[in-house]
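The values are calculated or read from the model by the stated rules, or taken from the named source; none is laboratory data. The structure presented is a predicted model; accordingly, all values stated were derived computationally and were not measured. Counting neighbours? That spans all protein chains shown, and the Cβs are built from the backbone with ideal geometry, glycine included.
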Amino acid sequence: MNKTVSITGISAISGLGENLTEHAEAMENGQTGLRPLKELLGDQSNCSELLGSWIQPRSILNSRKWAPASSLALHCAKEAIADAKLSGKDLKNAAIIAGSSRGNAWLNNWPSRRPFKLMAASNSMHGEIASAVSIELGITGPWQTIASGCAASLDALGMAWMMLQTGVVKHAIVIGVELPLVPEIVQGYIDTGVLSTNGINDPYHPDTSGFFPGEAGCALVLTTEPTTNAPLLDGYWCNSDADSPIGMPSDGRGLRACIESALSSLPAETNITAICPHASGTHLHSIAEKQALLDALKPQTPLSLHPLKPFTGHTVGASGALDTAILSHYLRNKQLPPNLDLTSPPHPFTLPRNPTPATGTLLKIAVGMGGHNSVIALRPPES
């Protein structure tokens, strides 16, 4: 029998806000974090006219020792740990699982960091993200950094859930960080053809053409110890399409199979009432994910969709954990987040414009380049 896993601490920072209260306020006011990249990268950049979403207080990225994503991870971990009131032996023995597609992303020496031989290789070391948190906070439990593309931080949540289920640890700190808004990386997205070419910020629009890149950092604290007023993480499932290094099959068969695995593993009485889809905004994904949802769920009654990338931009490897942190903020109040004014999804899915009551189970989906699919199941607090 599975152990109960609760989400007791949450934190997030993105172009939408510096904490989860600011995220919720912006979303409920219909605001996004998107603005022209020239404000960050300058007018001379090839991507200056594209829209993106970035963290405003750049000072939290600066460190004389750690590279920027590691500094961001440390900032978010401290906030989530404080929110969970985790300390002492529980903190010292906790697991740290980080998810990031690009690691520290900075392709050259980080200009704010004091150059010294010991850290000369760390700009290219994904593991620095988790190890920095371990070292600075004196946490001696196991740590891992997952780099499975856009699904990385949802997989980090899944890895933490498995460690908790098997009794490796009683507490886990899950981190999602991504800082892709440097010219070389954005140009790579342009060359690959995954960024929006027409500015349509609506993943269900028939003319959606790509995503809007974003930065984010977030952290969640998970535990198997008894808690109150904490959202519940009921399971994790993943698979691969074995189809394409970039896209996914247009019928969404890999994602459909992953969702079907979740449905067959959850208790028979589970009532799926809402979905937080990946909804990246690429044209192929808009077709494939909708088909996978229809084929796997075969909904006979309205299910609500809650895509969050239209608000935050696509924060790549951080997006799964960022979405989960936002969802957890709402689930604490037994609510689901609102949507932007998006086009209608296929019947019988709905896109509520305002926060709605959270009942039953919510599935959160992430899809990574290379055809990696991940799903987690969330519930509002039981008390």
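Brief remarks on what is shown
- Inter-residue pairs, beta-carbon under 8 Å, first among the acidic types (Asp, Glu) and in segment 5-30, second assigned to a strand (DSSP E or B) and surrounded by 20 or more Cβ atoms within 10 Å (Cβ to Cβ), 6+ apart: Glu25/Gly17
- Residue ID - modelled with the highest pLDDT, chosen from residues in segment 222-238 that are surrounded by fewer than 17 Cβ atoms within 10 Å (Cβ to Cβ) and not β-branched (Val, Ile, Thr): Glu225
- Yes/no for Asn229 being part of a strand (DSSP E or B) and more than 13 Å from Ser280 (Cβ to Cβ): no
- Residue match in segment 183-193 (condition: farther than 27 Å from Ser48 by Cβ and not in a helix (DSSP H, G or I)): no
- Pairs with Cβ under 6 Å, 6+ apart, first in segment 214-230 and over 20 Å from Lys89 (Cβ atoms), second aromatic (Phe, Trp, Tyr): Glu215/Trp54
- Within the set Thr312, Thr301, Thr350, Thr343, the sole residue that is crowded, with 17+ Cβ neighbours inside 10 Å and of a type in the set (Ser, Thr, Tyr) turns out to be Thr312.
- Among the residues of segment 252-269, those that are modelled with pLDDT of 95 or more and either among the charged types (D, E, K, R) or closer than 28 Å to Ser209 by Cα (or both) comprise Gly252, Arg253, Gly254, Leu255, Arg256, Ala257, Cys258, Ile259, Glu260.
- The listed residues are Ala98, Ala69, and the only one of them that is outside any strand (DSSP E or B), in contact with a helix residue (DSSP H, G or I) (Cβ under 8 Å, 6 or more places away or on another chain) and crowded, with 18+ Cβ neighbours inside 10 Å turns out to be Ala69.
- Among the residues of segment 39-63, those that are outside any loop (DSSP other than H, G, I, E, B) and either among the small types (Gly, Ala, Ser) or surrounded by 15 or more Cβ atoms within 10 Å (Cβ to Cβ) (or both) comprise Leu40, Leu41, Leu51, Gly52, Ser53, Ser59, Ile60, Leu61.
- Strands (runs of 3 or more DSSP E) lying entirely in segment 266-383 (those with 2 or more residues that are within 21 Å of the chain's Cα centre (by Cα) and aliphatic (A, V, I, L, M)): 272-276, 361-368, 372-379
- The residue that is nearest to Gln335 (Cα to Cα), among those in segment 232-265 that are of a type in the set (A, V, I, L, M, F, W, C) and assigned to a strand (DSSP E or B), is Leu232.
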